[in-house]
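Enquirer: Below are the structure tokens for one structure; questions will follow.
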Amino acid sequence: MEYRKLKDQDKDEDPTGDDLESLRGKALSGVPVNPLSTLGGGPSNRQWKRKSIVTLALTILTSSQSILIVWSKRAGKYDYSVTTANFSVETLKCVLSLAFLMRIWKREGVTEDNRLSTTLNEVSVYPIPAALYLVKNLLQYYIFAYVDAPGYQILKNLNIISTGVLYRIILKRELSEIQWAAFILLCAGCTTAQLNSNSDRVLDTPVQGWIMAIVMALLSGFAGVYTEVSYLYILPSF
């Protein structure tokens, strides 16, 4: 009897157990905890999965582009017009964009944010980057006469360097020391990957291939920077 009295007294004096039971299933702020969010079923996790799928698909499509172009060659030449192929690619992009836009219209309706509208002044801005991308996309067919698909993917990273340098020159944007170090390492990596120790040539890629890769990088970088300048300065002035 004396032991039971002492035990009941301890329960009355120590409410910790009851407090822990009352807090079970609740957050510290008093908001109930959703079990699905702790198991990875929340909106943020679904958004992360969607971004991961898009990134993976973009990586596969970008990497397979050069491989498919090389496979389409017959005896070192193309059996089709590269101009027509480039036009077909851009047409397919336009069709897919319109299809996704119509899907948005069907789900959300036509709103101020998703409706198609433009002016003559806005249209007059885009022929310059369009022409630059056109030349760049045509050159990517001819560069495979001097480089293979893996070498093209490595040299394609020169686009990052040209874009960063042009951003600094044209938009006067400061680059951190880490960014400059990344550009130097990327340039060194592209050069090192092209070293050839099995022949008399220092680089595996001939000079013509390097020239075309640099021209493509400059065209892509300048087109991207010009588009950014258009958004920031030219279009708002209309």
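What follows draws every value from the coordinates through simple rules; no lab data is involved. Given the structure is predicted, the values throughout are model-derived calculations rather than measurements. Using ideal geometry, Cβ is built from the backbone for each residue, glycine included, and neighbour counts are taken over all protein chains shown.
Enquirer: Would you order Glu122, Glu174, Glu108, Glu228 from fewest to most other beta-carbon atoms within 10 Å of each residue's own beta-carbon? Before the final figure, lay out each step's value.
Expert: Numbers: Glu122 13, Glu174 7, Glu108 10, Glu228 17.
With the sparsest Cβ surroundings first, the list reads Glu174, Glu108, Glu122, Glu228.
Enquirer: Can you work out the Karplus-derived ³J(HN,Hα) for every residue in region 177-187? Use 6.51 cos²θ - 1.76 cosθ + 1.60 with θ = phi - 60°, whole Hz, and x for glycine or proline.
Expert: Couplings: 5, 5, 5, 5, 5, 5, 5, 5, 5, 5, 5 Hz.
Enquirer: Moving on. Please compute the volume of the convex hull spanned by the alpha-carbon atoms of region 105-238 and report it per residue in Å³. Write out the running numbers ahead of the final one.
Expert: Details: hull volume 22.4 nm³, N = 134.
Cα-based convex hull of region 105-238, divided per residue, equals 167 Å³.
Enquirer: Something else now. Please list, in order along region 139-145, the HN-Hα scalar couplings obtained from phi with the Karplus expression 6.51 cos²θ - 1.76 cosθ + 1.60 (θ = phi - 60°), rounded to whole Hz, x for Gly and Pro.
Expert: Going residue by residue, I get 5, 5, 7, 7, 5, 6, 6 Hz, with x marking Gly and Pro.
Enquirer: Please state, as a whole number in µm²/s, the translational diffusion coefficient that the Stokes-Einstein equation yields for region 68-168 at 10 °C and 1.306 mPa s, with Rh defined as the Kirkwood radius across alpha carbon pairs. Intermediate values should be presented prior to the final figure.
Expert: Details: Rh = 17.0 Å.
Stokes-Einstein gives a translational diffusion coefficient of 93 µm²/s.
Enquirer: Using the structure shown, select from Lys73/Lys93; Lys51/Lys77; Lys51/Lys106; Lys136/Lys172 the pairs with a Cα to Cα distance greater than 27 angstrom.
Expert: Numbers: Lys73/Lys93 23 Å; Lys51/Lys77 38 Å; Lys51/Lys106 23 Å; Lys136/Lys172 25 Å.
Pairs exceeding the cut-off: Lys51/Lys77.
Enquirer: Okay, next question. Determine, from the Cβ-Cβ distance of Ile128 and Lys51 and an R0 of 30 Å, the FRET efficiency 1/(1 + (r/R0)^6), rounded to the nearest 0.05.
Expert: Details: r = 32 Å, r/R0 = 1.05.
Calculated transfer efficiency: 0.40.
Enquirer: Using the C-alpha atoms of region 43-94, what convex hull volume per residue, in cubic angstrom, is computed?
Expert: Numbers: hull volume 3.7 nm³, N = 52.
It comes to 72 Å³ per residue, whole-number rounded.
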